[in-house]
Amino acid sequence: MNGVFIWLLIVNLPIKLLFAFPEQGKWDFTFDKYTSEKTVVKSLFKESQIYIQIICESQDNAKVKINWSVRESACWQDYPRYGQSSDYDGFSEDFDNSTIYIVRERDNIEYNCAGIIHLVSKHPVFKITKDGFYILYIQILEVHNKDFKAKVHIEMKGKDGYLSAANWPLLPFYGAMCLVYVLLGLTWLIVSFLQWRDLLRIQFWIGGVIFLGMLEMATFYAEYSSFNATGESMKSAVLLAEFVSCGKRTLARMLVIIVSLGFGIVKPRLGPMLHRVVGVGILYFVLAVAESYMRVVRPKNDPTNQFVIATVPLAVLDSAICWWIFISLAQTTRTLRLRRYAFSPLLDNPEDDDDDEEEQFVNDAYGS
């Protein structure tokens, strides 16, 4: 029992990173006289480069005035206010500039709105001088209020790729964890082969949990590796990895519950208790999928409480499962002790009537 339980705890380690999609590396915006400004945020390493390409079109030979600046935030709390910044326009009125330092700024420079506009003589428009959180602000205004359309393409790329400074550590982490699960799977196969005569059905399911963990980490690694090379995220891959993670966590919790109930140790079958375990597993999977979906797709600074609504029921259910596991473990351990499957000095005392009665009750319940 101890060996199975330890393996289940290993494969069920709560490795959970509260990151959504990787911070974007490329942005595309459309400006006109109604949409005049955008803000982009990203954590960058030293020597990262910022590229801005503007293609402007107009029918009346319009002239546009372009303002842009790169600002460094000295306070982390100022950085995530805009979350995935493509959803937000400009700086809010209550934005605190006291911790924002302008590292590059170009104001009120006029350009003819005809084709490609070069902000600087050569790319990139700016190279980051130190690690930090950076905010790129760009504004395009038509001088004489004429109609125009400007397509703006922005890229922020480090020496090693498009991953931000905040997301870069996850790439080697997921690669290392994938390798750990591979080694864990090989070890489990070797141990199972050596003990094949004594294998229980539950031990095959433990192998399934290890496989799901390996698939989860491999999918995350592939997504982050692809994003680092292209700057574009595959949302379907991230969601697939999250749903596989939900399945892994669900199966692992069900197996821990089954082991703690004494299946294969003091009980040859679970009987009606199996339906409860399956019901809890289905409920946990549904809540975990809802929580993962909300955590991945919502903006980082989403002011709504939808994420909380999805998180609280899952946390409550997780707590209830832990309580059920510890209660069941205590009962199973007590049953083993009373049936002399484990050493207990109390059973060696023939004058202890209470223990004799309890032992008789267990024997009647499970058979001598």
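How far apart, in nm, are two points set 7 Å out from the Cα along the Cα-to-Cβ line at Ser236 and at Tyr293?
Placing both labels 7 Å along Cα→Cβ, they lie 1.7 nm apart.
Subtracting the Cα-Cα distance from 0.36 nm times the residue separation, let me have the gained length for Glu110 to Ala176 in nm, one decimal. Write down the numbers at each step before the final one.
Values: separation 66, 0.36 × 66 = 23.76 nm, distance 5.09 nm.
Difference between extended and current length: 18.7 nm.
Can you give me the % of accessible surface on the range 167-253 that is carbon or sulfur? Probe 1.4 Å, all protein chains present, nothing else counted. Mind showing how you got there, number by number?
Details: 3300 of 4510 Å².
With neighbouring chains kept in place, the figure for the range 167-253 is 73 percent.
Sort the following peptides by mean Cβ neighbour count (other Cβ atoms within 10 Å, averaged over residues), highest first: 309-319, 252-262, 124-134.
On the way: 309-319: 14.4, 252-262: 22.7, 124-134: 17.4.
Ranking, from highest mean packing down: 252-262, 124-134, 309-319.
Using the beta-carbon distance between Leu194 and Lys46 and R0 = 51 Å, what value does 1/(1 + (r/R0)^6) give for FRET efficiency, to the nearest 0.05?
On the way: r = 52 Å, r/R0 = 1.01.
For Leu194 and Lys46, the calculated efficiency is 0.50.
Distance cut-off 31 Å, Cα to Cα: go down the list Lys46/Lys151; Lys33/Lys130; Lys38/Lys63 and report the pairs above it.
On the way: Lys46/Lys151 28 Å; Lys33/Lys130 35 Å; Lys38/Lys63 19 Å.
Checking Cα-Cα distances, Lys33/Lys130 exceed 31 Å.
Tell me the GluC sites (Glu not before Pro) within the range 23-57 that lie in a loop according to DSSP and have at most 14 other beta-carbon atoms within 10 Å. Don't skip to the end; give the middle numbers.
Values: sites: Glu23, Glu37, Glu47, Glu57; in loops: Glu23, Glu47.
Answer in residue order: Glu47.
Under 5 Å between amide H atoms, partner at least 5 residues away or on a different chain: which partners does Ala62 have, H built in plane at 1.01 Å?
The answer is Cys113.
Between Leu317 and Val286, what is the label-to-label distance in nm when each label sits 7 Å out along the Cα-to-Cβ direction?
Each label point lies 7 Å from its Cα, and together they span 0.8 nm.
I need the phi-derived Karplus couplings for the range 176-182: 6.51 cos²θ - 1.76 cosθ + 1.60, θ = phi - 60°, integer Hz, Gly and Pro marked x.
5, 5, 4, 5, 4, 5, 5
For the range 223-230, take each phi angle, set θ = phi - 60°, evaluate the Karplus expression 6.51 cos²θ - 1.76 cosθ + 1.60, and give the result in whole Hz per residue in order, putting x for glycine and proline.
5, 5, 5, 5, 5, 5, 8, 10
Go through the range 273-284 residue by residue and turn each phi into a ³J(HN,Hα) via Karplus (6.51, -1.76, 1.60, θ = phi - 60°); whole Hz please, and just put x for glycine and proline.
Once θ is set to phi - 60°, the couplings for the range 273-284 become 5, 4, 5, 5, 4, 5, x, 5, x, 5, 4, 5 Hz.
What residues qualify as long-range amide H neighbours of Gly231, i.e. H under 5 Å apart, gap of 5 or more or another chain, H built at 1.01 Å from N?
Under 5 Å from the amide H of Gly231 lie the amide H atoms of Tyr162, each far enough along the sequence or on another chain.
The values are calculated or read from the model by the stated rules, or taken from the named source; none is laboratory data. Computed from a prediction, not measured in an experiment: that's the story for all the values here. Quick reminder, even Gly has a Cβ in these numbers, built from the backbone with ideal geometry, and neighbours come from all protein chains shown. Calculation scope for accessible area: heavy atoms of the full protein, side chains included, ligands and nucleic acids excluded. Shrake-Rupley method; radii C 1.70, N 1.55, O 1.52, S 1.80 Å.
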